[in-house]
Ligand code: DGL
């Protein structure tokens, strides 16, 4: 049985999912979090469904060993390919980013919704199916934008080169008349300044990081601490920590993390946090 004081687990293929941790911490400052970034095996976005599923199950088992009360799969590719498999094997509730992103997009009232993500996310049709299931009259166009991940990691979220690449990727979607675009990848919220410039003021950008924070609060109120009392602890675990990932981590969190450890997912889970 989980206690409300147990941490919330967050899993991503790398450090982009820290955008989800950041959104959750802003809304739930008293909660404790354990974040696992599988930096040794990233990217997930170019891998097959079977591989992503195996990695996600492995990561979920590791986080379960940390005594979490809720698991958020921050990675859109893992949410697309592995949410059901992870949920079936988990003793705690599991939330992915796809449904919260879709719910937030439908709230904009758009009739034409664009989805951008990794090749894996687009190929899985997870957003397309969720949109068809929840909003039957909606028209959908989904496009992969593979260069957005390295641009975000480079810190070029507000940069003329990103503007140019975004214009190229998004041209067909904007010509088609997308009214709302779902940022279906952990990294894309980091490109918001460039993306906003390219899509213009008429197109709404839906950030799945913020949407999943809203979903945790609305769907799991019995498990979470919404008081703004003592700040909760945050522990970051990475499967590889190159200087590049540490720099991106500090950039997204706005400073050095309090606690960062390197973990080996092939080893047995360590002691409960
Ligand atoms: N975290 C991945 C996602 O949101 C992007 C990075 C990757 O390809 O692993 O789909």
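The values are calculated or read from the model by the stated rules, or taken from the named source; none is laboratory data. Being a predicted model, the structure only gives us computed values, none of them experimental. Note that each Cβ is placed from the backbone with ideal geometry, even for glycine, and that neighbours are counted across all protein chains shown.
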Sole exception among (1) within 16 Å of the ligand (Cβ to nearest atom); (2) over 18 Å from residue 77 (Cα atoms) for residue 132, by number: (1)
Answer from 74, 82 - the residue that is modelled with pLDDT of 95 or more, more than 24 Å from residue 170 (Cβ to Cβ) and in contact with a helix residue (DSSP H, G or I) (Cβ under 9 Å, 6 or more places away or on another chain): 82
Could you go through the stretch 150-165 and let me know if any residue there is out of contact with any helix residue (DSSP H, G or I) (no Cβ under 8 Å at 6 or more places or on another chain) and buried (at least 19 other Cβ atoms within 10 Å of the Cβ). no
Filtering the stretch 111-129 down to residues that are part of a helix (DSSP H, G or I) and in contact with a helix residue (DSSP H, G or I) (Cβ under 8 Å, 6 or more places away or on another chain) yields 120, 121, 124, 126, 127
Which residue out of 234, 199 is touching a strand residue (DSSP E or B) at 6+ places or on another chain (Cβ under 8 Å), crowded, with 19+ Cβ neighbours inside 10 Å and within 17 Å of residue 28 (Cα to Cα)? 234
Only strands (runs of 3 or more DSSP E) wholly contained in the stretch 1-105 count here; list those with 3 or more residues that are closer than 21 Å to residue 224 by Cα and within 16 Å of the ligand (Cβ to nearest atom). 8-12, 70-73
For the stretch 157-188, name all the residues that are in a helix (DSSP H, G or I), touching a strand residue (DSSP E or B) at 6+ places or on another chain (Cβ under 8 Å) and under 13 Å from residue 145 (Cβ atoms). 169, 170, 172, 173, 188
